[in-house]
Amino acid sequence: MVKIFPFIFILLWSSAFITTKPIIDNSDPFTALAFRFFFVAIGFYLFSLYSKQSIVVNKKNLIESIFSGVLFHGFYLGGVFYSISIGMPTGIAALIVTLQPVLTNALSAPLLGEKVTTKQWIGILLGFVGATLVLGMDIGSGIPMLGLVATVVALIAITASTIWQKKLSNNLPLPVSNFYQAVGGCLFHILIIIIFAKPYINFTKTFFIAISHQIFLVSFGAFTILMYLIKKNSASKTVSIFFLIPGTSAIMAWLFLNESLTNLDLLGFLITTIGVYIATRN
């Protein structure tokens, strides 16, 4: 079962890109994320109680987990959602964030002491080339500067969060750790709303379906699997699977949204798959 976790993660995480646009079309991005992580926190809290795992933690573990949530759920998701909401082309945003495995591998050696082999770098390069082919035709021309800044912040945040999560000294059960991370993300977005955002949500059927998908399948499912993979594997190998997300998202959009799927998309997905295989095999 554990061996198929990366594949389940890719499917669930990729599906989030399909439901992000309906959420942004019906709400302020920070309000939607605060709403999402409020219920995610409640869900992990109830599961922790159900599984008889104490949510009482020491100050060090509390700060570490909340900070991880601020990085991942706050700066990363907030940056991506906000950039798209102000007109950043989804293709460019996705391409910038796809640099995460490259950045993580470059930093994992000096910060985590992980050895990144030549074979892994070859796989990473192929993964990035493949992802670029998938995304390249959808880039568009309009790039709002604030959106570009927000996306770069998101890239830095998800990279820092991955490395931070790997360095964490606590051995908290995943539901407990995820509870505090969701609390951190929720509080971050509430703070953003208080400072400068204008909160609103149109509770349409489309919004409800999209946000439910991201709460249950992405936050409860994909994120929990990601935290497990980071704990059990090297950060450099774990993040390499992110290269598969653009191609998988493109295939899902073709299947469920009737979007076009070109031969270049398929070629990019094939190259990415080969790259990830090379980067992650022992």
Original post:
By average Cβ neighbour count within 10 Å, what is the ranking of 24-37, 48-61 from highest down?
Top reply: 24-37, 48-61
Subject >> Inverse mean reciprocal Cα-Cα distance (Kirkwood Rh) of the stretch 2-280, Å >> reply: 19.0
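For the stretch 1-65, state the semi-axes of the equivalent ellipsoid (square roots of 5 times the eigenvalues of the alpha-carbon gyration tensor), sorted largest first and rounded to whole angstrom. Don't skip to the answer; put the middle values down first.
Values: eigenvalues 141, 85, 27 Å².
In descending order the semi-axes read 27, 21, 12 Å.
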Original post:
Top mean-square fluctuation among 272, 206, 151, Gaussian network model of the chain, C-alpha springs under 10 Å?
Top reply: 206
**OP:** Would you look at the GNM of the chain, springs on alpha carbons closer than 10 Å, and say which of 134, 149, 80 moves the most?
**Re:** 149
Subject >> Cross-link pairs 60/115; 3/237; 59/232; 21/205; 21/231; 3/60 - those with Cα-Cα distance over 22 Å >> reply: 60/115; 59/232; 21/231; 3/60
Original post:
Going through the DSSP H helices of the chain, which span 27 Å or more along their own axis at the Cα atoms while scoring at least -1.0 as a mean Kyte-Doolittle hydropathy?
Top reply: 5-25, 29-50, 145-167, 174-195
**OP:** Classify the stretch 141-246 as rounded, prolate or oblate, taking a ≥ b ≥ c as the square roots of the eigenvalues of its Cα gyration tensor: rounded when a/c is under 1.5, otherwise prolate if a/b is larger than b/c and oblate if not.
**Re:** prolate
**OP:** Arrange 228, 82, 45 by Cβ neighbour counts within 10 Å, fewest through most, would you?
**Re:** 228, 45, 82
Subject >> Packing rank of 179-185, 64-70, where each peptide gets the mean count of other beta carbons within 10 Å, highest leading >> reply: 179-185, 64-70
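Rule-based calculations on the coordinates, nothing more; no lab input. Because the structure is predicted, anything quoted here is derived from the model rather than measured. Positions of Cβ are backbone-derived with ideal geometry, glycine not excepted, and every protein chain shown enters the neighbour counts.
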